[in-house]
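The structure appears below as structure tokens.
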Amino acid sequence: MSGAVSHSACGEFNGQPAALLRAPDGAAAVVLLHGAQVVSWQPAGGGERLFLSERSRFGPGASVRGGIPVVFPQFSERGSLPRHGLARSRAWQLVRCETGEADALAVLQLVDSEETRAQWPHAFALELTVCVRADRLDVELAASNTGGPAFDFTAALHTYLRVAEVETARLAGLRGCRYEDAVTGTMKVDREDAVCVEAETDRIYYGVATPLALSEPKRRLRIEAARFPDVVVWNPGQVRAAAMADLAPDEFRRFLCVEAALIGQPQRLAEGEQWWGRQTLIAG
Ligand code: TA6
């Protein structure tokens, strides 16, 4: 993280406005105001645990390849909006950025505008809360219907977990879960003790009730979720990655997306109602 600070501050990351979080124990994170996208997380005493492509584009309109893109109100192309909705491509407002006694916290907000209503005709407010301390990162997304007819949405925290080599990573905890294999267009049940990525992998697991564990030869990561009932596991593989301008050669080997998601049963919010969901990463 460029320009490391001893406390939390609103600063810049790659020339873009960002919340630079640093807890008293040294745990740190960076959150761009663009898209409220976490682009860096370093547990106390540890190294970077999120992937960020060296070819990521920054600035208005760009979607940054890596970190934790916020997907709302539409997952993927399951609707009429641009892929993964409209939240990740807009400038959010930073409303809190502070270091507490044992943690550091940022809160960012996005509300509807004439522009968003032209794409998605609803009054909404989003709030993303990012908290770091010790070995953990908590990211919580809250969505509210701030006035008007009920609306349905799907959402995800599209987390790019950094790995040394994706083929040596193992994701455990999904055995027995039903999943939609977007590569083959089929529904399956996972019978394996762990997901191993050897080629393009694009799976939506529905109704995942237990924490996951990402294991590599030299480190582990525990992945917990609250009120995100589904999990997306994605790696583009070599062929698809070669066609992605914002991925450098072989960078596909350096990440596995494990996304806390709300896809299978869209959430309905009547006027005045709020939903929230959280993903927690615990470094080991
Ligand atoms: O979450 C998996 C996925 O839906 C993949 O199908 C792939 O499209 C990925 O998201 C990345 O999407 P993006 O729009 O960020 O390139």
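Residues in the stretch 60-78 that are surrounded by fewer than 18 Cβ atoms within 10 Å (Cβ to Cβ) and away from the ligand (no atom under 13 Å from the Cβ) were compared, and the one that is modelled with the highest pLDDT is Pro60.
Taking the stretch 242-268 as the range and being assigned to a helix (DSSP H, G or I) and either farther than 28 Å from Leu128 by Cβ or open to solvent by less than 10 Å² (accessible area, probe 1.4 Å) (or both) as the test, the residues that pass are Ala242, Arg253. Please work out which residue is nearest to the ligand (Cβ to nearest atom), limiting yourself to the stretch 227-241 and to residues that are out of contact with any helix residue (DSSP H, G or I) (no Cβ under 7 Å at 6 or more places or on another chain) and open to solvent by 70 Å² or more (accessible area, probe 1.4 Å). Only one residue fits best here, namely Arg240. Number of residues in the stretch 79-122 that are among the small types (Gly, Ala, Ser) and within 15 Å of the ligand (Cβ to nearest atom) equals 4.
Residues in the stretch 8-15: is at least one open to solvent by 10 Å² or more (accessible area, probe 1.4 Å), of a type outside the set (D, E, K, R), outside any loop (DSSP other than H, G, I, E, B) and in contact with a Ser or Thr (Cβ under 8 Å, 6 or more places away or on another chain)?
Pass one, the stretch 8-15, residues open to solvent by 10 Å² or more (accessible area, probe 1.4 Å): 8-15.
Now drop any that are not of a type outside the set (D, E, K, R), which leaves 8-11, 13-15.
Adding the requirement that they be outside any loop (DSSP other than H, G, I, E, B) leaves 9-11, 13.
Subset that is in contact with a Ser or Thr (Cβ under 8 Å, 6 or more places away or on another chain): 13.
Checking the stretch 8-15: at least one residue is open to solvent by 10 Å² or more (accessible area, probe 1.4 Å), of a type outside the set (D, E, K, R), outside any loop (DSSP other than H, G, I, E, B) and in contact with a Ser or Thr (Cβ under 8 Å, 6 or more places away or on another chain).
Restricting the first member to the stretch 151-180 and to residues that are farther than 19 Å from Glu48 by Cα, and the second to residues that are within 16 Å of the ligand (Cβ to nearest atom) and assigned to a helix (DSSP H, G or I), the beta-carbon pairs closer than 9 Å and six or more apart or on different chains are Ala155/Ala87.
The values are calculated or read from the model by the stated rules, or taken from the named source; none is laboratory data. Values in this document were obtained by computation on a predicted structure and should not be read as measured data. Backbone-built Cβ (ideal geometry, glycine too); neighbour counts: all protein chains shown. Protein only, heavy atoms only, side chains kept; ligands, DNA and RNA dropped before computing areas. Shrake-Rupley method; radii C 1.70, N 1.55, O 1.52, S 1.80 Å.
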